[in-house]
Amino acid sequence: MADFDEIYEEEEDEERALEEQLLKYSPDPVVVRGSGHVTVFGLSNKFEAEFPSSLTGKVAPEEFKASISRVNSCLKKNLPVNVRWLLCGCLCCCC
């Protein structure tokens, strides 16, 4: 009788248990670090095309190399524009 007016939060407990279960079985992330010497807006100007061993069985080496080469070509093409905007922004801040 004393527990008649108590509010239980069962839905939150179920959601929390589900999240914990998903985190328990999720794989560790794979980090691909930039190998370039210039970083503009937090993005490196080049990424190494060497296949990381942690991706074995998840992605084909050919797919990885093709993806990295596409990213590198986009960065190579757009980096001079980003540097110009960075310099323009610095000049505007000084004025």
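The values are calculated or read from the model by the stated rules, or taken from the named source; none is laboratory data. Owing to the predicted nature of the structure, the values given are computational and were not obtained by experimental measurement. Cβ atoms come from the backbone with ideal geometry, glycine included; neighbour counts cover every protein chain shown. Keep in mind that these areas ignore ligands, DNA and RNA; they rest on the heavy atoms of the full protein, side chains included. Shrake-Rupley method; radii C 1.70, N 1.55, O 1.52, S 1.80 Å.
Test residue 58 against the stated conditions and say whether it is in contact with a Phe, Trp or Tyr (Cβ under 9 Å, 6 or more places away or on another chain), open to solvent by 100 Å² or more (accessible area, probe 1.4 Å) and at pLDDT 85 or above.
no
If I ask for residues that are outside any loop (DSSP other than H, G, I, E, B) and either modelled with pLDDT of 70 or more or surrounded by 10 or more Cβ atoms within 10 Å (Cβ to Cβ) (or both), which ones from the stretch 1-20 would you list?
13, 14, 15, 16, 17, 18, 19, 20
Can you tell me which residue within the stretch 61-95, out of those that are touching a residue at least 24 places away in the same chain (Cβ under 8 Å) and hydrophobic (A, V, I, L, M, F, W, C), is surrounded by the most Cβ atoms within 10 Å (Cβ to Cβ)?
Residue satisfying both the conditions and the ranking: 75.
Considering only residues that are at pLDDT below 70, open to solvent by 50 Å² or more (accessible area, probe 1.4 Å) and touching a Leu at 6+ places or on another chain (Cβ under 8 Å), which ones fall in the stretch 21-55?
Result: 38, 41, 43.
Answer yes or no as to whether residue 67 is of a type in the set (Ser, Thr, Tyr), within 17 Å of the chain's Cα centre (by Cα) and modelled with pLDDT under 85.
Here the answer is no, as residue 67 does not meet what is asked.
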